[in-house]
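Readers should treat all values here as calculations from the given coordinates under stated rules, not as data from a laboratory. Keep in mind it's a predicted model, so treat the numbers as computed, not measured. Backbone-built Cβ (ideal geometry, glycine too); neighbour counts: all protein chains shown.
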Amino acid sequence: MNFTPLTIEPGLLLDLETVQIWGWREQPLTLPGGATTYGMVTAGSGELRDAETGPFALCAGMFFALPDGGRIKGGSGLAITVSGYRGLRQIGGPLEQAGRLRYIDGCSDTLLIAR
């Protein structure tokens, strides 16, 4: 497996068949049905919408998992769709400056969403 650096910009950034990586900036991004989308807002504020629960306001540093399609608009960020998988709806953040899990070497991180 190779690491592929991506610049976050609007549109499809990477297509790996069952996994697609998208960027958005202000303009709405439609998130496909039949997939779970994992995303994060990197700048500004936006609104996440789906048919089941209605709108959620998001700001920079917030993240989400959205099963079965929807739409994000405003702000900018990254969305990763996994086809054929229905995850749990989750919204969280904004992220903290330091993680909550401490390691012996002094580093830290926080697990946000697990599949």
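By counting other Cβ atoms within 10 Å of each Cβ, how are Asp68, Asp15, Asp105, Asp50 ranked from fewest to most?
Details: Asp68 17, Asp15 10, Asp105 6, Asp50 20.
With the fewest neighbours first, Asp68, Asp15, Asp105, Asp50 line up as Asp105, Asp15, Asp68, Asp50.
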Any residue on another chain or 5+ positions along whose placed amide H is under 5 Å from the amide H of Met62 is listed here as Val41, Leu95
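If you filter the range 3-103 for GluC sites (Glu not before Pro), then keep DSSP loop positions with at most 13 other Cβ within 10 Å, what is left?
Glu17, Glu26, Glu52, Glu96
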So for R0 = 22 Å, FRET eff. of Leu88-Ala51 from the Cβ-Cβ r, to 0.05, ends up at 0.85
Diffing the range 82-88: the Karplus 3J(HN,Hα) column from phi (6.51, -1.76, 1.60, θ = phi - 60°), in whole Hz with x for Gly and Pro, holds 10, 5, x, 10, 10, x, 8
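Are there chymotrypsin sites (Phe, Trp or Tyr not before Pro) in the range 13-115 that DSSP puts in a loop and that have at most 10 other Cβ atoms within 10 Å, and which ones?
Of the chymotrypsin sites (Phe, Trp or Tyr not before Pro), the ones in loops of the range 13-115 whose Cβ has at most 10 other Cβ atoms within 10 Å are Tyr103.
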Residue span Glu96 to Asp15: 0.36 nm per residue of separation minus Cα-Cα distance leaves a gain in nm of 26.1 nm
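Just want the ordering: Cys107, Cys59, from fewest to most Cβ atoms lying within 10 Å of their own Cβ.
Values: Cys107 10, Cys59 14.
Fewest-to-most Cβ neighbours within 10 Å comes out as Cys107, Cys59.
Counting only Cα atoms, I'd like the Rg/Rh figure for the chain, Kirkwood definition for Rh.
Numbers: Rg = 14.4 Å, Rh = 14.7 Å.
So for the chain, dividing Rg by the Kirkwood Rh gives 0.98.
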Sorted by chain and then number, the residues having a modelled amide H within less than 5 Å of the amide H of Leu13, at least 5 places away or on another chain, are Ile21, Trp22, Gly23
With x for Gly and Pro, the residue-by-residue ³J(HN,Hα) of the range 21-33, computed from phi through the Karplus equation 6.51 cos²θ - 1.76 cosθ + 1.60 at θ = phi - 60° and given in whole Hz, is 10, 10, x, 9, 8, 6, 5, x, 10, 7, 9, x, x
Quick calc: nm separation of the 7 Å Cα→Cβ label points for Lys73 and Gln27 -> 1.3
